[in-house]
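Heads up: the structure comes next, in structure tokens.
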Amino acid sequence: MNLRTILLVSAAMVAAPSLAAQQRGEVPPAMVVLVASLPDSSSCAVVLRRAGGGDVIVLRDADASADDLASAIAALARSRAVDGAALTNTLRMRIQSARPVGATPRGLLERLEQTLRQIRRIPVADVPGIGPARSGTIPMTQFRHRRS
């Protein structure tokens, strides 16, 4: 085998779990990461769609809100609907502002606040590709993008 063949086979093996899950109709969870600061101070969140799977929502720990998380989840759900669950290239989306007041149902906001409280109780640890952060996962099954 030449190097190109090895790289192609390796890439296919990494993407295979995401592709298989997508074909079964499963919705992979997303990692939610709370960091000390974001690269762009005007962003309330960053959504990383990693090649081969492993979507990450990055929020600033000091001021992350349920509205910020809801905005990032909406962007991720929209991207998954348009681009598919598995990407061949990493995609970075900067979320500039939270959703308009009333755009997210009250019950969902309460669950997202609870999720943030739970993640804030987790000790800071090194998150590969991110650095020191608090992290947890959020199921994405209830967040399907509705096309207008």
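Taken together, the residues in region 44-74 that are surrounded by 19 or more Cβ atoms within 10 Å (Cβ to Cβ) and hydroxyl-bearing (Ser, Thr, Tyr) amount to 1. Taking the stated definitions as given, is Thr141 loosely packed, with under 12 Cβ neighbours inside 10 Å and out of contact with any Pro (no Cβ under 8 Å at 6 or more places or on another chain)? Yes; evaluated as a whole, the condition is true for this residue. Of everything in region 54-73 that's more than 10 Å from the chain's Cα centre (by Cα) and among the small types (Gly, Ala, Ser), which residue is farthest from Ala30 (Cα to Cα)? The residue in question is Ala62.
A Cβ distance below 7 Å, combined with a sequence gap of six or more or placement on separate chains, defines the contacts here; from region 126-148, residues that are over 19 Å from Ile73 (Cα atoms) reach no residue that is at pLDDT below 70. Of everything in region 18-36, what is surrounded by fewer than 18 Cβ atoms within 10 Å (Cβ to Cβ) and either in a loop (DSSP other than H, G, I, E, B) or at pLDDT 80 or above (or both)? Give them in sequence order. Listed by number, the residues that qualify are Arg24, Gly25, Glu26, Val27, Pro29, Ala36.
Restricting the first member to region 74-94 and to residues that are over 17 Å from Met31 (Cβ atoms), and the second to residues that are crowded, with 17+ Cβ neighbours inside 10 Å and small (Gly, Ala, Ser), the beta-carbon pairs closer than 7 Å and six or more apart or on different chains are Arg94/Ser43.
The values are calculated or read from the model by the stated rules, or taken from the named source; none is laboratory data. Remember, it's a predicted structure, so these values are computed and weren't measured experimentally. Because the Cβ atoms are built from the backbone with ideal geometry, glycine has one as well, and the counts that use them run over all protein chains shown.
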